[in-house]
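A.B. asks: Here you go, one structure.
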Amino acid sequence: MKLLTTACILSLFLSVVHLPECAAKSTKSPKGSKTKKKSGKNSKKSKERVVTMWWVLFNKPSACITDPGGPIQCGVPDIMGNADAETNDPNIAIINASGGIADEDGFLRLVASLYKTDSCALDLVADDGTYVWGGPPALYGNSSFGFCPADGETTEVHVVLRDHGPYSEEDKIAQLTTFTDPSCSQVGGPNLCSDIGAVGFAPMTEDGLMSKDIGHFPMFPPGCAEAEECDESVEKIQLMAGMGNEVTLISTGDAVQVVTEITLPNKM
C-alpha cells in the first residue's frame with residue numbers, strides 16, 4: 001500500500017495543499033431533521049462526518065524509489081521527494097474520486113470509476129476556481145497526468161481517504177468536492193480536516209479485482225500522539241486496520257473502479 005504527502009502535505013497529507021474531491025453517497029443518508037444544522041453550524045453528531053476519497057496514480061512505477069522492484073513500488077517518499085524537487089518522474093496524478101457523509105453509526109460506502117485517457121495533460125481546474133485535482137502543486141503545474149500509463153508500464157493505483165469533520169449545511173457541497181474546504185481549520189474553519197487512511201495496489205496486468213484492508217494514514221500510526229509526532233485529535237480519527245474497513249479495486253479494460261466500505265472510529 002502506498003501514499004503521499006510532502007512538506008506542507010506531510011502535516012496532514014496535503015492538508016495545506018488544495019486537493020479535489022467528489023461526491024458519492026453512503027448507504028444510509030443522514031436524516032435531515034436530526035442532523036442538519038442551521039446557519040452553517042456543524043452537526044453535533046460526531047459520526048455523521050464528511051469523508052472524501054482520492055485516486056493517487058503512479059503512471060510510471062518504475063521511477064518510484066519507495067520499494068524499487070517490490071510488488072508495490074511507490075509511496076509517500078515518491079510524493080514528497082518529487083514535490084520538493086519540483087519533478088514528477090513517476091508521473092503522479094492525484095484526482096478526486098468520491099465523497100460522502102457517514103451515517104449515525106459511522107458507516108460509509110464510496111464508489112468511483114476512472115477511465116484511461118489519450119491525453120497525459122488534463123486541465124482539471126475551471127475558470128471559476130473549482131477543481132478536481134489534488135496533492136502538492138508541484139505535481140500538478142498547469143495540467144495533470146490523469147490515468148495515463150507510461151509506455152510499457154501499468155499504473156499503480158492507490159486510494160487515500162480524508163475526514164472533513166461534521167458536515168456543515170452551509171459548506172456541504174464544498175466539503176464533498178474539495179480537499180481543503182471552508183470548514184477546515186487549515187483555512188480558518190471549525191473542523192479538523194485530516195487524511196485518515198490509505199491503501200496501495202500492485203499493478204493489475206489482467207482484468208479482475210482485489211480487496212485490501214485499509215487502516216491509518218501512514219503519517220499517523222497508532223501511538224504517534226504519545227510520540228509527539230502527531231496531534232491526539234488526528235490520531236483519534238484514523239481508521240483502524242483489522243476492523244472491517246476494506247477497499248476493493250476492480251480492473252476492466254481501460255477502466256478501474258473502487259468500492260470502499262468503512263466505519264469511522266468512535267473516538268471523536
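Read-outs: derived from the displayed coordinates by stated rules, not from any lab. Bear in mind the structure is a predicted one, so any value in this text is a computation, not a measurement. So basically every Cβ, Gly included, is an ideal-geometry build from the backbone, and we count neighbours across all protein chains shown.
A.B. asks: Run the reach check for Lys212 against aspartates and glutamates, Cα to Cα strictly under 12 Å, same-chain hits fewer than 8 apart removed. What comes back?
C.D. replies: The qualifying aspartates and glutamates are Glu246, Glu261.
A.B. asks: Something else about it: Arrange Met219, Met243 by Cβ neighbour counts within 10 Å, fewest through most, would you?
C.D. replies: Taking fewest neighbouring Cβ atoms as first place, the list is Met243, Met219.
A.B. asks: A further question follows. Ranked by Cβ crowding within 10 angstrom, fewest neighbours first, how are Ile173, Ile262 ordered?
C.D. replies: Starting with the residue having the fewest Cβ neighbours, the order is Ile173, Ile262.
A.B. asks: Shifting gears a bit: Quick one: order Val258, Val132 by neighbouring beta-carbon count within 10 Å, fewest to most.
C.D. replies: Numbers: Val258 22, Val132 19.
Sorted ascending by nearby Cβ count, the order is Val132, Val258.
A.B. asks: Let me ask something else about it. Can you tell me the alpha carbon radius of gyration of region 153-236 divided by the globular rule-of-thumb value 2.2 N^0.38 Å?
C.D. replies: 1.34
A.B. asks: Also: Net charge near Asn59: determine it from the other residues with C-beta under 9 Å of the C-beta of Asn59, scoring Lys and Arg +1 and Asp and Glu -1.
C.D. replies: -1
A.B. asks: Just list whichever of Lys60/Lys172; Lys172/Lys236; Lys60/Lys236 have alpha carbons separated by over 31 Å in the model shown.
C.D. replies: On the way: Lys60/Lys172 35 Å; Lys172/Lys236 23 Å; Lys60/Lys236 34 Å.
In this structure, Lys60/Lys172; Lys60/Lys236 exceed 31 Å between Cα atoms.
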